[in-house]
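Working notes for the structure below.
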Amino acid sequence: MDAASPASPSASSPPPPSPTAGASAVSPMTTISRHYFGGDSSEDDHDFYIDIIENMQEDYGMFVWPCSIVLAEYVWQQRLRFANNTVIELGAGTSLPGLVAAKVGANVILTDNAEGVEVLKNMRQICNLNKVNCNILGLTWGQWDAPIFDLHPQIVLGADVFYDTTDFDNLFATVTFLLQNSPGSVFITTYHNRSGHHLIEFLMAKWGLKCSKLLDGFSIMPPCKAASLQGNIQLVEITLDNQKSKS
C-alpha cells in the first residue's frame, strides 16, 4: 500500500460529518439528509436517492461520515459487481454504502455493535424509510456469537471503521474470519489517514491479508460530492493473502 503519510491515530477526534445538501430538520438535533446516485448526482439528475436519518446528539453511528459517502459512491459505480451478491456492512451506523448495495440488487446484511441499541434501531428506521429489505444484525468485532458462523458474504464493506486503534485487532479478526468463511470474498473499506496507515498495513500482514487495490477516494467522486468533503480518504480492497495462508 502506498499512500500519503498518515496523521497520528486518534480515537477521540474523527473528522466532522460532511454537510449534505438538502438536509431537512426533523427535530432540533435530528435531520434527514438526501444522497443522490447516478446522473449528475443532483436533485435534477439522478437514478435514485437514499434518505438518512441523522441524530447529531448521539454517538458516531448516528450520522453520515465522509468515508461513508465515498464508499457508497464506489458501490454505485461498481453496481454490476454487487448485484445478486451477499454483502455485509461492518460498523454500518447510518448504513449508506449498504443501502446503495441493496438498491442495486445485493442481498445485504447491515451490522453494528450488538450493544448499540439506538444505532440498530435507527438502521431499521432508515431501511423502512427507503423501502429496502436488509437484514440487521448486532455484531461486535472480535466476539464469536452464533450468528457470525452463518455469514458467507462475497463482499464485506466498512466505512471509517478504522478510527479507534484499540479496535483494530478485533476488526481484523472479524474480517479475516468472514473472508475465510467465504473463499474469494473481499473487504472494501474507506478510511482517513488519521487512522494510522502503517498500523493498518502491519495488521493486514499479521492477519494474513493483503491489499489488492488502493485508490484516492476523491478520484472516484463526482465534483458536486467531492466539494463537500474534507480530509485524505483512501479506498482499499483487502483479500486473504493465499501465499501466507499456505505457509
Discussion item. Of a type in the set (G, A, S) and in contact with a helix residue (DSSP H, G or I) (Cβ under 7 Å, 6 or more places away or on another chain): is that true of G217 in this structure?
Written reply: yes
Worksheet item: When the range 184-199 is examined, which residues are found to be closer than 19 Å to S68 by Cβ and free of Cβ contacts under 8 Å to residues at least 60 places away in the same chain?
Response: V186, F187
Practice prompt. Only residues that are touching a strand residue (DSSP E or B) at 6+ places or on another chain (Cβ under 9 Å), in contact (Cβ under 8 Å) with a residue 12 or more places away in the chain and open to solvent by 30 Å² or more (accessible area, probe 1.4 Å): list them for the range 35-47, please.
Written response: Y36, S42, E43
Worksheet item: Which of the residues belonging to the range 206-244 are free of Cβ contacts under 8 Å to residues at least 40 places away in the same chain and farther than 21 Å from Y163 by Cβ?
Response: G208, K210, S212, K213, S219, P223, A226, A227, D241, N242, Q243, K244
Discussion item. Every residue in the range 164-175 that is touching a residue at least 60 places away in the same chain (Cβ under 8 Å) and open to solvent by less than 10 Å² (accessible area, probe 1.4 Å), please.
Written reply: L171, T174, V175
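The values are calculated or read from the model by the stated rules, or taken from the named source; none is laboratory data. These numbers come from a predicted model, not from an experiment. Cβ atoms come from the backbone with ideal geometry, glycine included; neighbour counts cover every protein chain shown. These accessible areas exclude ligands, DNA and RNA; they are computed on the full protein's heavy atoms, side chains included. Shrake-Rupley method; radii C 1.70, N 1.55, O 1.52, S 1.80 Å.
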